[in-house]
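The values are calculated or read from the model by the stated rules, or taken from the named source; none is laboratory data. These figures come from a predicted structure and were not determined experimentally. Here the Cβ is made from the backbone with ideal geometry for all residues, glycine too, and neighbour counts use every protein chain on show. With ligands, DNA and RNA removed, areas are computed over all heavy atoms of the protein, side chains included. Shrake-Rupley method; radii C 1.70, N 1.55, O 1.52, S 1.80 Å.
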Amino acid sequence: MAIVIIRTLIVYFALLLTMRLMGKRQLGEMELSEFVTAALIADLAAHPLQDMGIPLLNGLVPILVLFCCEVLIAGISLRHIRLRSLIFGKPSLLIQQGRILQQEMEKNRFTPDELMQELRSQGVLDINSIAYGVLETNGRLNVILSPGEQPATARQMGLNPEDPGYPSIVISAGRVLEANLRHLGFDRAWLEQTLRSHGAEDPRRVFLMTARPSGQIYLALKEEKP
Amino acid sequence: MKRELWALTLLVLLCAGAALNVCTADRLIGTVEQSLDRAEHAAARSDFDTALLALNTARDLWDGYRCYTHIFLRHPDLDAIGDAFYQAEAVLRQHDREAFPALLAQLRFHLDAIDRMEHPEPGSIF
């Protein structure tokens, strides 16, 4: 058991260090320590299940140790900024005022192709229109457009639109969600009347219905099976 | 902060459990090996009844910890020790004084391997 704990700690910190040195690109959507924990736990849990000769405890103890490491590292890094940047790294500025910072790109092992791919996935085709392109510590590239390229907000246009409220699901796959209906301040009578006005007498014929407190709805009927 | 304290407590408890496990393994294997020593000496004097009694005591001690061993130790290791006990007993029943020490050495090797495996030493960690 002691060996299992020590080995888990060694592998955890070795992976943390390796992944940190490999750069942010490998991480996807997770923070570094989350990524390492997720990568290890998935494999650890499978071993005692596949091999009946391994005691279940040999799988459970490392999972608990990893859980403790993850909680402790997350907690400590929340309070100590230096430690946080040491473990998780710092966000990197890859684009500034339409100019690609090549040294930073190289430091993060980010190729121009990958940069273009990331930008396309965010609907940005012109690098000149970007004020800042920041590679976050979780490996995600965030793009802030130049003020002139940003979409105009309602306030900038002098408009004051009303908040229609948060849409809640009222019918999901033919099932009425009574709690959501009550929370919106509506009742069955309102629902039946609304359904009738949209040509759906029976809630079981509805695939999805959402409603806002203002009464605005979205309704999709189930498709007929061929 | 509360969550981190819980995690730290759990980690300390796991370490304490690991230390307790090392002590338990040491004590169990030490006691079993004492009985094996008695069996070896008796067999050397051709006192096979006493040797068989000592070997059975060792096996009873080992089997008495079945719950512990099955939770903490790898099952192939347990099977190897069980087989070694049965082979040593078979040889004793045939009053084979020559073969018994070799089988006993094999049994001790398996027990020592388990003991070493539980000790946090560089050799077992890496």
Report task. Would you please classify the overall shape of chain A from the alpha carbon gyration tensor, given that a ≥ b ≥ c denote the square roots of the eigenvalues, rounded means a/c under 1.5, and beyond that prolate means a/b larger than b/c while oblate covers the rest? Result -> oblate
Report task. At 1.4 Å probe size, with every protein chain present, just tell me what the per residue accessible area of segment A:105-226 comes to in Å². Result -> 70
Query raised in the report: Classify segment A:168-208: rounded, prolate or oblate, from the alpha-carbon gyration tensor (a ≥ b ≥ c, eigenvalue square roots; a/c under 1.5 rounded; otherwise prolate if a/b is larger than b/c)?
Result: oblate
Query - Per-residue ³J(HN,Hα) for segment A:73-90, Karplus 6.51 cos²θ - 1.76 cosθ + 1.60, θ = phi - 60°, Hz, x for Gly and Pro - result: 5, 4, x, 5, 5, 5, 9, 10, 5, 4, 5, 4, 6, 5, 7, 8, x, 10
Report task. Please label the shape of segment A:63-132 as rounded, prolate or oblate, based on the square roots a ≥ b ≥ c of the eigenvalues of the alpha-carbon gyration tensor (a/c under 1.5 means rounded; beyond that, a/b larger than b/c means prolate, else oblate). Result -> prolate
Query raised in the report: If one takes the accessible area of chain A alone plus chain B alone and subtracts that of the pair, with a 1.4 Å probe, what total in Å², rounded to the nearest 100, results?
Result: 2100
Requested in this report: Calculate for the protein assembly as shown the 222 nm mean residue ellipticity that helices alone would give, adding -39,500 (n - 2.57) per DSSP H run of length 4 or more and normalising by residue count, nearest 500 deg cm²/dmol.
Outcome: -20000 deg cm²/dmol
Query raised in the report: After finding the eigenvalues of the alpha carbon gyration tensor for chain B, what semi-axes result from the square roots of 5 times each, listed largest first in whole Å?
Result: 36, 13, 11
Query raised in the report: Which whole-number percent gives the relative contact order of segment A:92-149, counting Cα pairs below 8 Å spaced six or more residues apart?
Result: 39
Requested in this report: Output the relative contact order of segment B:2-125, whole-number percent, from Cα pairs under 8 angstrom with separation of 6+ residues.
Outcome: 28
Query raised in the report: Which trypsin sites (Lys or Arg not before Pro) does segment A:73-166 hold that lie in a coil by DSSP with at most 12 other beta carbons within 10 Å?
Result: A:R109, A:R155
Requested in this report: Please give, to one decimal in nm, the separation of the simple spin-label points placed at B:S46 and A:N142, each 7 Å out from Cα toward the Cβ.
Outcome: 8.8
Query raised in the report: So what is the relative contact order of chain A, in percent, for Cα pairs below 8 Å that sit 6 or more residues apart?
Result: 16
